[in-house]
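The values are calculated or read from the model by the stated rules, or taken from the named source; none is laboratory data. Note that the coordinates shown come from a computational prediction; the quantities given were computed from them, not determined experimentally. When we count neighbours, we look across all protein chains shown, and the Cβ atoms used for this are built from the backbone with ideal geometry, even at glycine. For the accessible areas, the whole protein counts, side chains as well, though only heavy atoms, and no ligand, DNA or RNA atoms are used. Shrake-Rupley method; radii C 1.70, N 1.55, O 1.52, S 1.80 Å.
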Amino acid sequence: AQSVTQLGSHVSVSEGALVLLRCNYSSSVPPYLFWYVQYPNQGLQLLLKYTTGATLVKGINGFEAEFKKSETSFHLTKPSAHMSDAAEYFCAVSDLADKLIFGTGTRLQVFP
Amino acid sequence: DAGVIQSPRHEVTEMGQEVTLRCKPISGHNSLFWYRQTMMRGLELLIYFNNNVPIDDSGMPEDRFSAKMPNASFSTLKIQPSEPRDSAVYFCASSATNEQFFGPGTRLTVL
């Protein structure tokens, strides 16, 4: 069975600082991994996904994530935070089917 | 494409009343998902359909909840009777591959 653990329910950074949101997964089969972002009062929007191939995945808004099988991790990073990045971020894992298992989310705050 | 459409966006009702939430998936998507989001429990998958057939309803909290997908372009989630603890944001999502596209959600308040 698949599961996802997001370390840190809240992360605060200064504008311009590195953003690092942590995600570890558990899967009995090669996983598909996703990061979604949710802005206030909106639905979830896909940031990036890993299915196969290159382990460093680039997404929208300057975010990227690296799939590390040996560490069962898929951490999300952005070199320089912007005020508009303040939102809730969800990591998710799926098997070869459509069903996603979401983590509990990390709320990112960006201070000027 | 207009994306996933949900209606209503907000619903306020009284305990005991029937509530029906509606979803129109993206055209061509063959999977549809209903989620519930609360502060306490986070994002929970309630049920999902593939080609209009319910595949997994293990997340439906109790018999008061039911979902239907009569055709490829429409789904409903019904709560009867509603209770205050059903207050949450309900999301519908659809997919054609492994990427799910979410609607804007319906914020349900049961008084």
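Please work out if residue A:53 is touching a residue at least 12 places away in the same chain (Cβ under 8 Å) and either among the polar types (S, T, N, Q) or open to solvent by less than 70 Å² (accessible area, probe 1.4 Å) (or both).
no
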(request) Please find, among A:47, A:76, the residue that is over 13 Å from residue A:31 (Cβ atoms), surrounded by 18 or more Cβ atoms within 10 Å (Cβ to Cβ), at pLDDT 95 or above and in contact with a helix residue (DSSP H, G or I) (Cβ under 7 Å, 6 or more places away or on another chain). (result) A:47
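Would you kindly identify the strands (runs of 3 or more DSSP E) lying entirely within the range B:34-111 that contain at least 2 residues that are hydroxyl-bearing (Ser, Thr, Tyr) and away from chain A (no Cβ under 11 Å)? Before you say what the answer is, go through the steps one by one.
Values: elements: B:42-50, B:53-56, B:65-71, B:74-79, B:88-95, B:100-102, B:106-110.
Result: B:74-79.
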(message) Give me the residue from the range A:42-58 that is more than 8 Å from every other protein chain (Cβ to nearest Cβ) and part of a loop (DSSP other than H, G, I, E, B) and, out of that set, nearest to residue A:93 (Cα to Cα).
(response) A:52
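Say we look at the range B:8-64 and pick out the residues that are of a type in the set (Ser, Thr, Tyr) and without any contact (Cβ under 8 Å) to a residue 40 or more places away in the chain; which of these is farthest from residue B:99 (Cα to Cα)? Outline the logic, then answer.
Taking the range B:8-64 first, the residues of a type in the set (Ser, Thr, Tyr) are B:13, B:20, B:27, B:31, B:35, B:38, B:48, B:58.
If we keep only those that are without any contact (Cβ under 8 Å) to a residue 40 or more places away in the chain too, we end up with B:48, B:58.
On the way: B:48: 14, B:58: 21 Å.
Only one residue tops the list, namely B:58.
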(message) Tally up the residues in the range A:89-98 that are within 18 Å of residue A:23 (Cβ to Cβ) and surrounded by fewer than 20 Cβ atoms within 10 Å (Cβ to Cβ), please.
(response) 1
(message) Residue pairs, Cβ under 7 Å, 6 or more apart or interchain, first in the range A:12-25 and farther than 14 Å from residue A:89 by Cβ, second open to solvent by less than 20 Å² (accessible area, probe 1.4 Å) and part of a strand (DSSP E or B). List them.
(response) A:15/A:110; A:24/A:73; A:25/A:33; A:25/A:74; A:25/A:93
